[in-house]
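Novice: What follows is a single structure, and I will ask about it in a moment.
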Amino acid sequence: LNTMPIRVFWKDMDLVYLGCNQVFARDAGFNTPQEIVGKDDYQMGWSPQAELYRADDRLVIQSGVPKLLNEEPQTTPDGQTITLLTSKVPLRDASGKVCGVLGTYMDITVHKQAEKAVKESLERQRQFVQPLDTVREEDRKRISRELHDDIGQILTALKIDLVLVDSECSCHEGVRSNMRDMQKLLSEGIQSVHSLCRRLRPGALDDLSLQDALEGLIDDWKKRNRIECEMHADVTDGNLSEAIKTTVFRVVQEALTNVSRYAHASKVDIHLVDDEESLTVSFFDNGCGMDMGLAEKPTSFGLMGMRERIESLGGTLHIESAPGQGTRIEAIIPLAFIPPPRG
């Protein structure tokens, strides 16, 4: 016991210490385990936590059931507060009758501090990412508008002029055939500009509901990919902020893009459910799946972007996948999330 890095102790039915290991004695401020024998938690100087410890001990003794992996605070002899991970089991005699309690303590203060630091870091990331997303969406909207208003109108004007030239021209058939080919190319160019504008900034989000915008995205995607895709939505658009609608649209868009590039799927199912407290978005494809180790790599920019968008709204993103078993993505976004002030 004295070679173990964790604290070990055992008490009798009156919750008096019968023994402990060297680590327990040292951390309690004593030189040897023998100095602790015969004391209780009050005599150890652990008030006001002493009664908490004794209540747990009594529960284990009376129920005969172990109490495992419980976090407990403790004040050290020098006045610091630490966090202990405790496990307690009933101590039994040769006949099997409960005669006390045996416990272990592990100091997890450093782990709790690291956990707190990670949470604070994620919170700072959320505060940083959300304004970036807003700026990015504004840039996309501006570029989309300029493409539509400038390039799109120029191509449309060229097409109209070419039609007029074709109708007035007395050229031979070879030239007229070339002009018709040019008209076709211009039509394709106009469609490409419109498609690019929709991908940069879905105008439907400005004029339609999230469900209608997603249906337009899915219809366009199915035409290009020839993959079966069904969406089932039970949402109230009035419950959704503009940030949530944009984020969900982008997440679904990115997930569909990943299916096109990597999944080799034949079917995609998308579900949106709004329970007035949170919005759940579930996405499943029956494709080739992936190794989850690859999904967690820093180079998985698409998945990282999806996670950052969801977490910037206080939500969570869960991904399940395995080779040959398809991929399931589930995002849960609180509807009443208020971003913390920047500072």
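The values are calculated or read from the model by the stated rules, or taken from the named source; none is laboratory data. From a predicted model like this one, the values you see are computed outputs, not experimental measurements. All Cβ positions, even for glycine, are placed from backbone atoms using ideal geometry, and neighbour counts span all protein chains on display. The area values use the complete protein model at the heavy-atom level, side chains included, leaving out ligands, DNA and RNA. Shrake-Rupley method; radii C 1.70, N 1.55, O 1.52, S 1.80 Å.
Novice: Given the structure, is GLY100 modelled with pLDDT of 90 or more and under 23 Å from MET13 (Cα atoms)?
Specialist: Working: modelled with pLDDT of 90 or more: yes; under 23 Å from MET13 (Cα atoms): yes.
So GLY100 passes the test.
Novice: Another question, then. I'm checking my understanding of the structure. Among residues of the range 51-63 that are within 21 Å of GLY19 (Cβ to Cβ) and over 39 Å from the mean Cα position of the chain (by Cα), which one is surrounded by the most Cβ atoms within 10 Å (Cβ to Cβ)? Please lay out each step first, then the result.
Specialist: From the range 51-63, those within 21 Å of GLY19 (Cβ to Cβ) are 53-54, 56-58, 60-61; that's our starting set.
Checking the rest, the ones that are also over 39 Å from the mean Cα position of the chain (by Cα) come to 54, 58, 61.
Details: ARG54: 17, ARG58: 13, ILE61: 19.
The selected residue is ILE61.
Novice: Restricting to the range 264-282, name every residue that is open to solvent by 10 Å² or more (accessible area, probe 1.4 Å) and farther than 13 Å from LEU335 by Cα.
Specialist: Once the filter is applied, which keeps residues that are open to solvent by 10 Å² or more (accessible area, probe 1.4 Å) and farther than 13 Å from LEU335 by Cα, the range 264-282 yields HIS264, ALA265, SER266, LYS267, ASP269, HIS271, SER282.
Novice: Further question on the same structure: Within the range 64-88, which residues are among the acidic types (Asp, Glu), at pLDDT below 80 and open to solvent by 20 Å² or more (accessible area, probe 1.4 Å)? Let's see the steps before the verdict.
Specialist: First, pick out the residues of the range 64-88 that are among the acidic types (Asp, Glu): 71-72, 78.
Then drop every residue that is not at pLDDT below 80, which leaves 72, 78.
Residue satisfying the conditions is ASP78 alone.
Residue-by-condition table, conditions (1) at pLDDT below 90; (2) not in a strand (DSSP E or B):
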residue	(1), (2)
ASP220	yes, yes
ARG224	yes, yes
LEU256	no, yes
ARG261	yes, yes
ALA265	no, yes
HIS271	no, no
GLU276	yes, yes
LEU279	no, no
PHE283	no, no
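Novice: I need the full set of residues from the range 217-253 which are charged (D, E, K, R), within 17 Å of PHE283 (Cα to Cα) and open to solvent by 50 Å² or more (accessible area, probe 1.4 Å), in order please. It would help to see each step written out before you state the result.
Specialist: Restricting attention to the range 217-253, the residues satisfying the condition of being charged (D, E, K, R) are 219-220, 222-224, 226, 228, 230, 234, 237, 242, 245, 250.
Checking the rest, the ones that are also within 17 Å of PHE283 (Cα to Cα) come to 219, 222, 228, 230, 234, 245, 250.
Those that are charged (D, E, K, R), within 17 Å of PHE283 (Cα to Cα) and open to solvent by 50 Å² or more (accessible area, probe 1.4 Å): ASP219, LYS222, GLU228, GLU230, ASP234.
Novice: Could you tell me whether GLN34 is farther than 25 Å from ILE108 by Cβ, of a type outside the set (Lys, Arg), open to solvent by 20 Å² or more (accessible area, probe 1.4 Å) and not in a loop (DSSP other than H, G, I, E, B)? Working first, answer last.
Specialist: Values: farther than 25 Å from ILE108 by Cβ: yes; of a type outside the set (Lys, Arg): yes; open to solvent by 20 Å² or more (accessible area, probe 1.4 Å): yes; not in a loop (DSSP other than H, G, I, E, B): yes.
Considered against the rule, which asks whether it is farther than 25 Å from ILE108 by Cβ, of a type outside the set (Lys, Arg), open to solvent by 20 Å² or more (accessible area, probe 1.4 Å) and not in a loop (DSSP other than H, G, I, E, B), GLN34 comes out as yes.
Novice: Looking only at residues in the range 166-191 that are open to solvent by less than 70 Å² (accessible area, probe 1.4 Å) and of a type in the set (Gly, Ala, Ser), which one is modelled with the lowest pLDDT?
Specialist: Going through the range 166-191, the residues open to solvent by less than 70 Å² (accessible area, probe 1.4 Å) turn out to be 166, 169, 171, 174-177, 179, 183, 186-187, 189-190.
From what is left, the residues that are of a type in the set (Gly, Ala, Ser) are 174, 177, 187, 189.
On the way: GLY174: 78, SER177: 81, SER187: 83, GLY189: 81.
That would be GLY174.
Novice: Filter the range 15-28 down to the residues that are of a type outside the set (Val, Ile, Thr), touching a residue at least 12 places away in the same chain (Cβ under 8 Å) and not in a strand (DSSP E or B) and list them by number. Give the derivation first.
Specialist: The initial filter retains those residues of the range 15-28 that are of a type outside the set (Val, Ile, Thr), namely 15, 17-22, 24-28.
Still in the running and touching a residue at least 12 places away in the same chain (Cβ under 8 Å): 15, 17-22, 24, 27-28.
Selection gives LEU15, ASN21, GLN22, PHE24, ASP27, ALA28.
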